[in-house]
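Peer 1: Before I ask anything, let me first share the structure, which is written out below as structure tokens.
The values are calculated or read from the model by the stated rules, or taken from the named source; none is laboratory data. Everything numeric here is computed off the predicted structure, so don't read it as measured data. Every residue, glycine as well, gets a Cβ built from its backbone with ideal geometry; the counts of neighbours run over all protein chains shown. Accessible surface is based on the protein model in full, side chains and every heavy atom, while ligands, DNA and RNA are left aside. Shrake-Rupley method; radii C 1.70, N 1.55, O 1.52, S 1.80 Å.
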Amino acid sequence: MKPQYLVSTCLFMLIIGFNSHCFSQKLDSEKLDAITEKYTSASFPLLKELLSIPNDAYYPEDIEKNVQWCEKEFAKRSFTTTRIPTATVPLLLAEQKHKRAKKTVLIYLQIDGQPVDTTRWFQESPYAPTLKKKNANGDWEALPWQNIANYDDDWRVFARSASDAKGPVAMFLTALDAIKSSDVTPNYNIKVIMDFEEELGSPHLPEAVLKNTELLKADMLIIFDGPRHITNQPTLTFGARGIATLQLTTYGPNVPQHSGHFGNYAPNPALRLSKLLASMKDEEGRVTIDGFYDGISIDAETEKILKAVPDNEAQIKARLQVAETDKVGSYYQEAIQYPSLNIRGMQSGWINEKVRTIIPGWARAEIDVRLVLESNPERLIRLIKEHVEDQGYLVLNREPTKQERLEHAKIATITYEISYQSFRTDFDSEVGLWLTKALRTAFGKEPIRIRMSGGSIPIAPFVTTLNIPAVTVPTVNRDNNQHSPNENLRLGNYREGIKTMIAILAEKL
Ligand SMILES: [Zn+2]
């Protein structure tokens, strides 16, 4: 027994010796889990306090309380803070410099939240954070807040902005506390830009960035916002589509006319609008306007990236309850690499209980165009206008005059607005590789990397004005009721979000 025991001990030590690198890595990951666990539990008062401050940007006096809270919390963690004034509420910049740092990372946080309809929340107030668990009937049942000390990963905190996006703010502050206690120092400088008007579309952000390029100067941008991939696995998102909107109106008689007296005689604007819109797309949902998809080609390398995302197409179709999808791409990830032309609403005459026997005076379609990096928004709008002209229309950017109505058989009015452009960062960019490594270290597997999200986020001013690459690090659960009543944050996601941010702060750049 004894000699055998000795031999196996020696062998064991030999293995440890040879694998000391792996062993210490394992220790690191254990330590990461331990400090994550400890600091997550310690952070619940902070999360509750932050979610208790009303943050609808329509009420600047409430926003001021949020600004002050952020100033106080970042100052506590040895950041200097600067208010960047705008025409309404300020942006807040918090900075922390580190010795021997060669790079500066800009972090974008959103503090404001969507408006609330308190009558539709199943709790005292959207600003009274409530701990809930799902009961046997599948309903969310409130628990005393103090039970959070022994939380389950599937329990959730319900409050406005729990996920979008005060949850990530609390995660980040907690991650800062955790690394400080573990003597981990980032080897890069940190600038945090806090937006208090994101839900209003960040109307003052582009100008503020333009005026403060030196103050905001950084090498890369990371955005702590949004939900993970539907599988709830660690995710990085490398781009987002931009957005432009158009309004298209066609005209019939100057006022609605009796369809008995003038049917077969006065042209119908709803039919004209329908034909115009129908002429823009084929049977399978592809835009037929020449040049609309120019410049976009999905090469083999990109296809590999897109196909690595573990989407379940059958599940997506089931969720939407559609039998067939548009054929712009042959699968979901491919479809969102292209600009879209979407009718988001239409109106002409009256329907339902207000229906009447008339030929309407006009018909209108509201259109949105999601933009990708390859598409110049001005060019796409021009192509749409030219297409309408090619169908025999006089295109105006205002209502036609009587003279114009009498001279032109077909008239359309097109007005438009380009909100912001798309951004997209390469997977093998410095920021991309760095964040991928941080998440791989934290979770022991490759993160899901999404080339482009279909929706739009207003951070293009940073990317274009500061000329820096950006990557989004989403952390929250996808079923969080973002923008709706009963918004919530799953506590397992909260903890893993903190772990993600600790790993990013600890990862050398
Ligand atoms: Zn939002």
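Peer 1: Given the structure, is Thr231 more than 16 Å from the ligand (Cβ to nearest atom) and not in a strand (DSSP E or B)? Let's see the steps before the verdict.
Peer 2: Numbers: more than 16 Å from the ligand (Cβ to nearest atom): yes; not in a strand (DSSP E or B): yes.
Spelling it out, Thr231 is indeed more than 16 Å from the ligand (Cβ to nearest atom) and not in a strand (DSSP E or B).
Peer 1: How many residues, within the range 461-490, are more than 16 Å from the ligand (Cβ to nearest atom), open to solvent by 10 Å² or more (accessible area, probe 1.4 Å) and within 24 Å of Gln233 (Cα to Cα)?
Peer 2: 2
Peer 1: Looking at Glu207, Glu284, Glu198, can you tell me which residue is closer than 18 Å to Leu106 by Cα and open to solvent by 40 Å² or more (accessible area, probe 1.4 Å)? First the steps, then the outcome.
Peer 2: Values: Glu284 fails: closer than 18 Å to Leu106 by Cα; Glu198 fails: open to solvent by 40 Å² or more (accessible area, probe 1.4 Å).
Being closer than 18 Å to Leu106 by Cα and open to solvent by 40 Å² or more (accessible area, probe 1.4 Å) holds for just one of Glu207, Glu284, Glu198, which is Glu207.
Peer 1: Need pairs with beta-carbon distance below 7 Å; first residue without any contact (Cβ under 8 Å) to a residue 12 or more places away in the chain and within the range 126-145, second open to solvent by 30 Å² or more (accessible area, probe 1.4 Å) and part of a loop (DSSP other than H, G, I, E, B); sequence gap 6+ or separate chains.
Peer 2: Correct list of pairs: Glu141/Asn135.
Peer 1: Every residue in the range 367-420 that is open to solvent by 60 Å² or more (accessible area, probe 1.4 Å), over 30 Å from Ile457 (Cβ atoms) and among the hydrophobic types (A, V, I, L, M, F, W, C), please.
Peer 2: Those that are open to solvent by 60 Å² or more (accessible area, probe 1.4 Å), over 30 Å from Ile457 (Cβ atoms) and among the hydrophobic types (A, V, I, L, M, F, W, C): Leu406, Ala409.
Peer 1: In the range 90-129, how many residues are within 16 Å of the ligand (Cβ to nearest atom) and hydroxyl-bearing (Ser, Thr, Tyr)?
Peer 2: 1
Peer 1: Taking the range 157-169, which residues are touching a Leu at 6+ places or on another chain (Cβ under 6 Å) and more than 16 Å from the ligand (Cβ to nearest atom)? Talk me through it step by step, then tell me what you get.
Peer 2: So the first thing to find is which residues in the range 157-169 are touching a Leu at 6+ places or on another chain (Cβ under 6 Å), and the list is 157, 159, 162-163, 166-167, 169.
Once the filter is applied, which keeps residues that are touching a Leu at 6+ places or on another chain (Cβ under 6 Å) and more than 16 Å from the ligand (Cβ to nearest atom), the range 157-169 yields only Val157.
Peer 1: When you check Asn493 against the structure, is it within 16 Å of the ligand (Cβ to nearest atom) and modelled with pLDDT of 95 or more, yes or no?
Peer 2: Details: within 16 Å of the ligand (Cβ to nearest atom): no; modelled with pLDDT of 95 or more: yes.
In short, no.
Peer 1: Which of the residues that make up the range 394-446 are more than 14 Å from Tyr251 (Cβ to Cβ), in contact (Cβ under 8 Å) with a residue 12 or more places away in the chain, part of a helix (DSSP H, G or I) and not small (Gly, Ala, Ser)?
Peer 2: Hits for the range 394-446 are Glu430, Val431, Trp434, Leu435, Thr436, Lys437, Leu439, Thr441, Phe443.
Peer 1: Something else now. For the range 95-145, name all the residues that are among the basic types (Lys, Arg) and open to solvent by 70 Å² or more (accessible area, probe 1.4 Å). Lay out the reasoning, then the answer.
Peer 2: If we filter the range 95-145 for residues that are among the basic types (Lys, Arg), which is where we start, we get 97, 99-100, 102-103, 120, 132-134.
Across the range 95-145, the qualifying residues are Lys97, Lys99, Arg100, Lys102, Arg120, Lys133, Lys134.
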